[in-house]
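Data first, discussion second: the structure below is written as structure tokens.
The values are calculated or read from the model by the stated rules, or taken from the named source; none is laboratory data. Fair warning: this is a prediction, and the values are worked out from it, not measured in the lab. As a convention, Cβ positions derive from the backbone with ideal geometry for all residues, glycine included, and neighbour counts pool all protein chains shown. Heads up: the accessible areas ignore ligands, DNA and RNA and are worked out on the full protein's heavy atoms, side chains in. Shrake-Rupley method; radii C 1.70, N 1.55, O 1.52, S 1.80 Å.
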Amino acid sequence: MCSSDLPTQNLLIINVPTEERVSAVQFVQNTRTGAWCTWSGINVDCWGRSDSRIFAGTNVGTTLEYGQVFEDDGVPITCICVQAYNAFGSPGDKTFTQLRPHLRKPVGYDPLVSLLFDWDPEIPSYSPPAAVSSGPTWDEIYWDQEFWGGASQTGLNWLGVEGHGVAAAVVVVSQSETPVTYNGGLIAYIEGGV
């Protein structure tokens, strides 16, 4: 187990091997808010920093840089975000009808957005659509030598959802080489359920 404090990113990473020299899980704290989460699928043995850059070392001697590109060794990063469950101030049953997520996403890309109900710990398996990289992002190449890509848009569309329960949590699944940001949203429901 190793830990690394990365103040420029507001991160504290505790790396815990689950199978020595094969796999690991990271317990990560946002040092500004105190919130914790876990990372998985990042099979590294150690973390460190040099100035404001973050690096990780694999068990085969490869050094990887974190946070500079939005891919994992050439493969788009898959992300699953589950918001905390909310009973919306009422312990009664509800019929959930619509969801309006506030997303910042690549132009033309729609990550999978849905609801989970009643504190169900099982996250359904999703196969999100892959976002296609449309070229370099702003200011990453020489001016006037290539087309800019990586444009993003704000998504505020209402989505139809079906579900019944006391509480719900938003789940967002994306697979992209361009950042996708979920900033919250609105949920419509009818009191009383079925």
Open item on the list: For Arg49, what accessible surface area do you get with a 1.4 Å probe? Give it in Å², rounded to 10.
Closed with: 130
- [ ] Place a +1 charge on the Cβ of each Lys and Arg in segment 22-123 and a -1 charge on the Cβ of each Asp and Glu, then give the dipole magnitude about the Cα centre in debye, rounded to the nearest 20.
- [x] 440
Task: ³J(HN,Hα) computed for each position of segment 109-114 - Karplus, 6.51 cos²θ - 1.76 cosθ + 1.60, integer Hz, glycine/proline x - done: 10, 10, x, 6, 10, 8
- [ ] Return the long-range amide H neighbours of Arg49 (sequence gap of 5 or more, or a different chain), with a cut-off of under 5 Å between placed amide H atoms.
- [x] Phe55
TODO: Name the residues whose placed amide hydrogens come within less than 5 Å of the amide hydrogen of Leu115, ignoring near sequence neighbours (fewer than 5 apart) on the same chain.
DONE: Val171
Task: Per-residue SASA entry for Asp118, accessible area with 1.4 Å probe, Å² rounded to 10 - done: 70
